[in-house]
Amino acid sequence: MKEKLRRLPAVNAVLQAKDWQAGKLEVPAEVITRWVQEEISNLREAILKGSYNGKAENTELLSRVCEAVSRRLYEEGPYLLKKVINATGVVLHTNLGRARLSRAAAERVAEAASSYTNLEYNLEEGSRGSRNEVIEKQITSITGSEAALVVNNNAAAVYFILNVLAKEKEVIVSRGELVEIGGSFRVSSIMEESGARLIEVGTTNKTHMADYERAITSETAMIMKVHSSNFKMSGFTKSIPAIELLKLKEKNPGLILYEDMGSGSLFPFSRYKIGDEPEIKPAVQAGIDLISFSGDKLLGGPQAGIIAGKKELITVLKNHQLARVLRVDKLTLAALEATLLAYHNDEKAKEIPVIRDMLRTQEEIQTQAERIARKLEGAFNCTVKKGFSMPGGGTMPDVLLPAYIIEVTDCNLSPSELADKLRKQRVPVIVTVRNNKCVIDPRTLDETDEKALIQTFLNLN
């Protein structure tokens, strides 16, 4: 052991042993040096633990470190945030960044990022302008709302509305709508942080109009409806739609009706027999005071929280100090503007990746799955069979999208080992492991992704 430890290479010896120039063009020299130090340390630890079985020769130890650093150069590259190939079939995969932007939105982001813009400059008057004006007209045009405001995500929108319009006042919410969203964030906790006083009504499975009526007092500022986008209750249940709750405003002047619609659907998915997700525009037209929803779920745009509704309430929000704390940057606005522009035409909206992928037919996916399987045959055992994809992202929890999947097996690797190797490639491929098979679902694979997936699989051999 002492002999092995004594012969561990010095950092400079590793750096001089190989031409790292190709790596240095992408990865800073200091990062490569740090990797060398870490790999020498890992080798030292393996020797101390007795898990190193190689020879105690200088060349062998040096070679081990060089191989480990070379592998990191290939697998990790210069960036930690990487492009991955989503072969899970989950369209809005939260862990993989949810919605992909359309080509038009990506181009607008690139243009805004590499240029000066009129973000807060009124070109007509030659004076300071408001960044919200950049996007407000698009939102009001698409939704029919009087006014609109954008913040950095929908959880922020919920907090913002409650803090500004209901702080130290009562907000009535059905017990069945006190949901928990991703990352263990709960609506009740967000309400508590906002300073609003939560008043729960009804039971977990049933809430009646009378429950809301009895709860209204002189301290009630708001009734809040929360769309249960990430779960479904069935059986002995009852809830009151937000539109029906509008009746309570007639008897209670000043009462605000706010609906958190979460997923943010502006596309008529139900017309294509995909779920029953409520749409934003009908809710606005019904007269609900405020509606908030996500930009990066079913809307198919960047992460954002969109607030649409009555002008007098939006104006209060715009003028509050929190508006600056929660505001979005020019890149988000550029992506959101281009995404919303597509919604003026249903055919254009179908070019948004989320909508395009959700609408793909089982027959289309079968053709693609069979094509991929043919390319992989010989190197892997592939079986194409019927399956189901999922919308994901905490949306449409009861919807299964008919698809075709490819079950892949490797004679030398277990399904978990194969998935692990795919995940650690230069362009990681993310698959699922089900029924002791490595499973590819091609629903979200465009032509470029398909080629990259095939090449990555073949490179493993």
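Quick one: would you say Glu180 is touching a Phe, Trp or Tyr at 6+ places or on another chain (Cβ under 7 Å), over 20 Å from Glu279 (Cα atoms), among the charged types (D, E, K, R) and modelled with pLDDT under 90?
On the way: touching a Phe, Trp or Tyr at 6+ places or on another chain (Cβ under 7 Å): no; over 20 Å from Glu279 (Cα atoms): yes; among the charged types (D, E, K, R): yes; modelled with pLDDT under 90: yes.
It is false that Glu180 is touching a Phe, Trp or Tyr at 6+ places or on another chain (Cβ under 7 Å), over 20 Å from Glu279 (Cα atoms), among the charged types (D, E, K, R) and modelled with pLDDT under 90.
Residues in region 372-400 that are in contact (Cβ under 8 Å) with a residue 12 or more places away in the chain, under 22 Å from Glu447 (Cβ atoms) and either exposed (fewer than 14 other Cβ atoms within 10 Å of the Cβ) or of a type in the set (S, T, N, Q) (or both): how many?
So the answer is 1.
Residue under question is Ser127, and the condition is that it be more than 27 Å from Leu81 (Cβ to Cβ), surrounded by fewer than 13 Cβ atoms within 10 Å (Cβ to Cβ), among the polar types (S, T, N, Q) and free of Cβ contacts under 8 Å to residues at least 12 places away in the same chain; does it hold? It would help to see each step written out before you state the result.
Values: more than 27 Å from Leu81 (Cβ to Cβ): yes; surrounded by fewer than 13 Cβ atoms within 10 Å (Cβ to Cβ): yes; among the polar types (S, T, N, Q): yes; free of Cβ contacts under 8 Å to residues at least 12 places away in the same chain: yes.
The answer is yes for Ser127.
Just to be sure, is Leu460 modelled with pLDDT of 95 or more and either closer than 30 Å to Met261 by Cβ or among the hydrophobic types (A, V, I, L, M, F, W, C) (or both)? Walk me through it before giving the result.
Numbers: modelled with pLDDT of 95 or more: no; either closer than 30 Å to Met261 by Cβ or among the hydrophobic types (A, V, I, L, M, F, W, C) (or both): yes.
When the stated conditions are applied, Leu460 does not pass them.
For (1) touching a strand residue (DSSP E or B) at 6+ places or on another chain (Cβ under 8 Å); (2) among the basic types (Lys, Arg); (3) outside any helix (DSSP H, G or I), each residue gets a yes or a no:
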residue	(1), (2), (3)
Gly54	no, no, yes
Leu73	no, no, no
Gly77	no, no, yes
Arg98	yes, yes, yes
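Looking at region 48-76, which of its residues are among the charged types (D, E, K, R) and in contact with a Leu (Cβ under 9 Å, 6 or more places away or on another chain)? Full working, then the answer.
The initial filter retains those residues of region 48-76 that are among the charged types (D, E, K, R), namely 49, 55, 57, 60, 64, 67, 71-72, 75-76.
Scanning region 48-76 gives Lys55, Arg64.
If Gln37 passes every condition in (1) more than 30 Å from Val399 (Cα to Cα); (2) crowded, with 18+ Cβ neighbours inside 10 Å but one, which one does it miss?
For Gln37, the exception is condition (2).
Taking Ile355, is it closer than 30 Å to Val384 by Cβ, open to solvent by less than 10 Å² (accessible area, probe 1.4 Å), in contact (Cβ under 8 Å) with a residue 40 or more places away in the chain and not polar (S, T, N, Q)?
Working: closer than 30 Å to Val384 by Cβ: yes; open to solvent by less than 10 Å² (accessible area, probe 1.4 Å): yes; in contact (Cβ under 8 Å) with a residue 40 or more places away in the chain: yes; not polar (S, T, N, Q): yes.
Taking the combined requirement at face value, the residue satisfies it.
Take Glu133 and decide whether it is under 19 Å from Leu336 (Cβ atoms), open to solvent by 70 Å² or more (accessible area, probe 1.4 Å), at pLDDT below 95 and not hydrophobic (A, V, I, L, M, F, W, C).
Numbers: under 19 Å from Leu336 (Cβ atoms): yes; open to solvent by 70 Å² or more (accessible area, probe 1.4 Å): yes; at pLDDT below 95: yes; not hydrophobic (A, V, I, L, M, F, W, C): yes.
In short, yes.
Just to be sure before I move on: is Ala403 surrounded by 17 or more Cβ atoms within 10 Å (Cβ to Cβ) and under 24 Å from the mean Cα position of the chain (by Cα) in the structure I sent? Walk me through it before giving the result.
Numbers: surrounded by 17 or more Cβ atoms within 10 Å (Cβ to Cβ): yes; under 24 Å from the mean Cα position of the chain (by Cα): yes.
In short, yes.
Sort out which residues of region 269-308 are free of Cβ contacts under 8 Å to residues at least 24 places away in the same chain and assigned to a loop (DSSP other than H, G, I, E, B), and write them in order of number. First the steps, then the outcome.
The first filter runs over region 269-308 and keeps only residues free of Cβ contacts under 8 Å to residues at least 24 places away in the same chain, leaving 270-271, 273, 276, 279, 282.
Answer for region 269-308, where residues must be free of Cβ contacts under 8 Å to residues at least 24 places away in the same chain and assigned to a loop (DSSP other than H, G, I, E, B): Lys273, Asp276.
For region 185-219, which residues satisfy the criterion of being open to solvent by 70 Å² or more (accessible area, probe 1.4 Å) and at pLDDT 90 or above?
If the condition is that a residue be open to solvent by 70 Å² or more (accessible area, probe 1.4 Å) and at pLDDT 90 or above, then Arg197, Glu200, His208, Glu213, Arg214, Ser218, Glu219 are the ones that fit.
Does Thr432 satisfy being buried (at least 16 other Cβ atoms within 10 Å of the Cβ) and either among the hydroxyl-bearing types (Ser, Thr, Tyr) or under 19 Å from Leu458 (Cα atoms) (or both)?
Details: buried (at least 16 other Cβ atoms within 10 Å of the Cβ): yes; either among the hydroxyl-bearing types (Ser, Thr, Tyr) or under 19 Å from Leu458 (Cα atoms) (or both): yes.
Against the criterion (buried (at least 16 other Cβ atoms within 10 Å of the Cβ) and either among the hydroxyl-bearing types (Ser, Thr, Tyr) or under 19 Å from Leu458 (Cα atoms) (or both)), Thr432 qualifies.
Do you know which of the residues in region 250-264 that are over 14 Å from Glu177 (Cβ atoms) and modelled with pLDDT under 90 is surrounded by the fewest Cβ atoms within 10 Å (Cβ to Cβ)?
It comes out as Pro253.
Looking at (1) within 13 Å of Leu8 (Cβ to Cβ); (2) open to solvent by 100 Å² or more (accessible area, probe 1.4 Å), which is the only condition Arg71 fails?
Failed condition: (1).
Table: residues versus (1) under 26 Å from Val429 (Cα atoms); (2) open to solvent by 50 Å² or more (accessible area, probe 1.4 Å).
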site	(1), (2)
Arg6	no, yes
Val14	no, no
Gln21	no, yes
Asn58	no, yes
Arg64	no, yes
Lys83	yes, yes
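Just for strands (runs of 3 or more DSSP E) wholly inside region 134-220: which have at least 3 residues that are under 18 Å from Ile291 (Cα atoms) and of a type outside the set (Val, Ile, Thr)? If you could, list the steps in order and put the result at the bottom.
Numbers: elements: 147-151, 170-174, 197-201.
Result: 147-151.
Go through region 111-124 residue by residue and tally those that are touching a Leu at 6+ places or on another chain (Cβ under 9 Å), surrounded by fewer than 20 Cβ atoms within 10 Å (Cβ to Cβ) and in a helix (DSSP H, G or I).
Residues that pass the stated criteria total 1.
Going by the structure shown, is Ala342 touching a strand residue (DSSP E or B) at 6+ places or on another chain (Cβ under 8 Å), buried (at least 17 other Cβ atoms within 10 Å of the Cβ) and at pLDDT 95 or above? Steps first, please.
Working: touching a strand residue (DSSP E or B) at 6+ places or on another chain (Cβ under 8 Å): no; buried (at least 17 other Cβ atoms within 10 Å of the Cβ): yes; at pLDDT 95 or above: yes.
It is false that Ala342 is touching a strand residue (DSSP E or B) at 6+ places or on another chain (Cβ under 8 Å), buried (at least 17 other Cβ atoms within 10 Å of the Cβ) and at pLDDT 95 or above.
Yes or no, residue by residue, for (1) of a type in the set (Lys, Arg); (2) within 23 Å of Leu80 (Cβ to Cβ); (3) touching a residue at least 60 places away in the same chain (Cβ under 8 Å):
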| site | (1), (2), (3) |
| --- | --- |
| Glu3 | no, no, no |
| Arg6 | yes, no, no |
| Ala10 | no, no, no |
| Asp19 | no, no, no |
| Ala29 | no, yes, no |
| Ile32 | no, yes, no |
| Val36 | no, yes, no |
| Ala46 | no, no, no |
| Tyr52 | no, no, no |
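What are the residue pairs meeting all of these: first residue in region 339-352, first residue free of Cβ contacts under 8 Å to residues at least 24 places away in the same chain, second residue open to solvent by 70 Å² or more (accessible area, probe 1.4 Å), Cβ atoms under 9 Å, and 6 or more apart or on different chains?
Taking only residues 6 or more apart or on different chains, the pairs are Lys348/Leu341; Lys350/Arg356.
The values are calculated or read from the model by the stated rules, or taken from the named source; none is laboratory data. Just so it is clear, the model here is predicted, and its values are computed rather than measured. Using ideal geometry, Cβ is built from the backbone for each residue, glycine included, and neighbour counts are taken over all protein chains shown. Calculation scope for accessible area: heavy atoms of the full protein, side chains included, ligands and nucleic acids excluded. Shrake-Rupley method; radii C 1.70, N 1.55, O 1.52, S 1.80 Å.
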